Amino acid sequence: MIEVTALASSSKGNCYRVTDGHTPLLLECGINYREIQKGLDFQMSEITACLVTHEHGDHCKSIKDVLKAGIDCYMSEGTAGAINVQHHRINKVKTKQQFQIGTWTILPFDVQHDVSEPLGFLLANQDGDKLLFATDTYYIRYKFKGLTHLLIECNYSLEILNENILSGKVPQVMKRRLIKSHFSLENVKEFLKVNDLSKVEEIWLLHLSDSNSNAELFKKEIQQLTGRVVRVPS
């Protein structure tokens, strides 16, 4: 059974704890280390490893402290180079080459973001559960079978973004970056439509924009589309 805890999920910082009851992991470390400690009740020694998708600070802010705590960190070679931290606990992984951490078998895959070599991760445990983690991407080219848990970015709605641009709340240039770097509600829906959701237990919508999203609306629309439990971290 997979258990997910969101320590932070926004443009200010992202960090999640996932466990299958045997091997607890951190997904991202993009908040102050003290906040991570508090979120985990100061049980840092229970964390087996940390997966980092890319080098932006809201995803890897505490990387040095996490490494110092003796936690192995996994990321692409491009991300490691961009972070520019030398440490024996940094493990470089390659797209579509699976690796093992405790009871998890993890498959990294490429995503689309304006950074060096961003990754998403498919995590499978020994009980047959499959967790998809994908954030900071405007598109996912792959289809997945047998997913039980989705942690997926739903950063903005094109409709809300356009309204904000018309009203002057958001500059036009922001739209150009968003549509080539972040997952919109509209694209999340298309992704869900083409994937096998028959075993899905819950869908987490992550990394909502401060100004171009609506948590209640996003949750309602994804629930109506999928008929699954949908969670939006506060």
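Every read-out reported here was derived from the displayed coordinates using simple, explicitly stated rules and does not represent laboratory data. Keep in mind that this is a model prediction, so the values were computed, not measured. In this analysis, Cβ positions are derived from the backbone assuming ideal geometry, glycine residues included, and neighbour counts consider all displayed protein chains.
Which shape class, rounded, prolate or oblate, goes with the stretch 1-147 when its Cα gyration tensor gives a ≥ b ≥ c as root eigenvalues, a/c under 1.5 marks rounded, and past that a/b bigger than b/c marks prolate? Mind showing how you got there, number by number?
Working: a/c = 1.40, a/b = 1.07, b/c = 1.31.
Rounded is the answer for the stretch 1-147, as its axis ratio a/c remains below 1.5.
What ranking do M75, M174, M1 get, fewest neighbouring Cβ atoms within 10 angstrom at the top? Each step should come with its number before you reach the end.
Values: M75 28, M174 17, M1 10.
By the 10 Å Cβ count, ascending: M1, M174, M75.
Among the listed pairs K38/K199; K64/K175; K61/K94; K94/K175; K61/K92, a Cα-Cα separation exceeding 28 Å is found for K38/K199; K64/K175; K94/K175. From its DSSP helices (H runs of at least four residues, each -39,500 (n - 2.57)), the chain gives a residue-normalised ellipticity at 222 nm of -7000 deg cm²/dmol.
To check you understand DSSP bridge types, tell me what percent of the beta bridges within the stretch 3-231 (both residues inside) are antiparallel, rounded to 5. It would help to have the intermediate numbers written out before the result.
Numbers: 23 of 46 bridges.
Within the stretch 3-231, antiparallel bridges account for around 50 percent of the total.
Packing-based ranking of 96-108, 113-125, 181-193 yields 113-125, 181-193, 96-108, ordered from highest to lowest mean Cβ neighbour count within 10 Å. Over all projection directions, the Cα-based convex hull of the stretch 168-234 averages an area of 5.1 nm².
Cα centroid distance between the stretch 1-54 and the stretch 56-78, in Å? Cα centroid to Cα centroid, the span is 11 Å.
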